[in-house]
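Note sheet for the following structure.
The values are calculated or read from the model by the stated rules, or taken from the named source; none is laboratory data. Computed from a predicted structure; not experimentally measured. Virtual Cβ from ideal backbone geometry, glycine too; neighbours counted across all protein chains shown. For the accessible areas, the whole protein counts, side chains as well, though only heavy atoms, and no ligand, DNA or RNA atoms are used. Shrake-Rupley method; radii C 1.70, N 1.55, O 1.52, S 1.80 Å.
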Amino acid sequence: MTLPPGIAGDKSNKVCKFLKSLYGLKQASKQWHQKLTSALISLGYHQSSADHSLLTLKTASHFTALLIYVDDIVLTGNDMEKIHRVKEFLDKQFKIKNLGPLRFFLGLEISRSQRGIILNQRKYALELLSDTGLLAAKPAFTPIDAASKLSRSTGAPLPDASSYRRLIGRLLYLTTTRPDIAFSVQQLSQFVSAPTDTHLLAAPRVLQYIKRSPSAGLFFPSTSSLTLSGYSDSDWACCPDTRRSITSHCIFLGSTLVSRKSKKQTTVSRSSCEAEYRALASLTCELQWMSYLLQDLHLPPTQPISVYCDNVSAIYLAHNPTFHERTKHVELDCHVVRENVHVGLIHLLPVPSSAQLADVFSKPLLATAFCSAVSKFGLVDIHSPPCGGMLIYPNDSANHGDKATSAETPKLN
């Protein structure tokens, strides 16, 4: 850093040594995170090994958890006295700003009641529709045409690709609470390096689908069970440019979707069984990580975890202890799945293709099949009464009587 003006003498060979990290430097966020976590650990908190941004404190009578994103913190627990004590400690150390009960966090809108918690991005979605001029567009029933096959070679290159890239980036963040658009956004994001007019024409279809229900979000019922389950699927050789397959999976905690994936595989699969098995290995690793995270939250999942796959060959391969010529190239994935089957972490179960919920993340579907699968994700639109009533998936009772978990959000300066 250049020496500040006013320093007398010839100090051209001198440099500055900082006593504190300056805000905005590349090292600042890391130094701040280390200082904040060190202070919380000194207070007795335990840093999660599965997610370093999560710190928990559990005693015989209470439980408190903090989730950190740079200088934003979500604080929750079942003892308000302990929560106030943590806030007082942080205020003495760093001068925090208490924003009260959790309403907004990183663009997410949080609504709570005795029935549960709803996460949506209504304001973000409406701003996106307004900025693209599609606020009054005709709504679509699906985010992508079931007959569409996007390719790099179709259409003419765009003279200015910045608007397309900006749109895809904003849509990617919207998938946080809108898993129903994950596959369509994944398909469009493949072409951000060299988009064409064909890709630009396909993007408004996603916005028209969002226009149908801009306030839809994930619903977490207060009486849901803590049982993990997963669905694994793959669309073999679906990419017309590389002939790579799509890996897709979704994980449910009780009846609510908590994790999903839609991604093109890194290698070409030589059979549908191989493609399905690679997707199964990806789901197994995700379930293993999620079980560690739940253990850090002192909510160990019931094992074995039910995993549903619609490919019988992949299930047989997971239980087959003998490798042969046709399975040597997927031996690593075989070991990942088979080891977790053996230790009892997962239990593989067949499921018919008509009931495969992960299809939404691997291929374009017709409106009937798409709506049927999305209805199982626990999406809720709390702003829909003017359109005919509240839309809630899945079923839950009207009066639970359970006390909602308290949550407060200090904003650190």
Return the only residue of 94, 105, 141 being over 22 Å from residue 363 (Cβ atoms) and touching a Lys or Arg at 6+ places or on another chain (Cβ under 9 Å).
94
Whether any residue in segment 168-185 is in contact with a strand residue (DSSP E or B) (Cβ under 9 Å, 6 or more places away or on another chain), aliphatic (A, V, I, L, M), open to solvent by less than 60 Å² (accessible area, probe 1.4 Å) and not in a loop (DSSP other than H, G, I, E, B) is what I want to check.
yes
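I need the full set of residues from segment 345-368 which are open to solvent by less than 70 Å² (accessible area, probe 1.4 Å) and part of a helix (DSSP H, G or I), in order please. Step through it out loud before you land on a result.
Going residue by residue through segment 345-368, those that are open to solvent by less than 70 Å² (accessible area, probe 1.4 Å) are 345-346, 348-349, 351, 355-365, 367.
Once the filter is applied, which keeps residues that are open to solvent by less than 70 Å² (accessible area, probe 1.4 Å) and part of a helix (DSSP H, G or I), segment 345-368 yields 355, 357, 358, 359, 360, 361, 367.
With the structure loaded, tell me whether residue 220 is farther than 17 Å from residue 314 by Cβ and open to solvent by less than 40 Å² (accessible area, probe 1.4 Å) or whether it fails that test. Even if it seems obvious, please write down each step before you answer.
Values: farther than 17 Å from residue 314 by Cβ: yes; open to solvent by less than 40 Å² (accessible area, probe 1.4 Å): no.
Judged against the criteria, residue 220 is not a match.
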Filtering segment 292-320 down to residues that are out of contact with any strand residue (DSSP E or B) (no Cβ under 9 Å at 6 or more places or on another chain) and not small (Gly, Ala, Ser), which residue is least open to solvent (accessible area, probe 1.4 Å)?
317
Any residue in segment 272-292 that's closer than 16 Å to residue 347 by Cα: show its pairings with residues that are in a helix (DSSP H, G or I) and aromatic (Phe, Trp, Tyr) at Cβ separation under 7 Å, as long as the two are six or more apart or on different chains.
none
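In this structure, is residue 220 within 20 Å of the chain's Cα centre (by Cα) and either farther than 21 Å from residue 255 by Cβ or polar (S, T, N, Q) (or both)?
Numbers: within 20 Å of the chain's Cα centre (by Cα): yes; either farther than 21 Å from residue 255 by Cβ or polar (S, T, N, Q) (or both): no.
No.
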So residue 81, is it among the acidic types (Asp, Glu) and either over 29 Å from residue 180 (Cα atoms) or surrounded by fewer than 18 Cβ atoms within 10 Å (Cβ to Cβ) (or both)
yes
Does segment 123-155 hold any residues that are open to solvent by less than 50 Å² (accessible area, probe 1.4 Å), of a type outside the set (Ser, Thr, Tyr) and over 30 Å from residue 105 (Cβ atoms), and which are they?
146, 150, 155
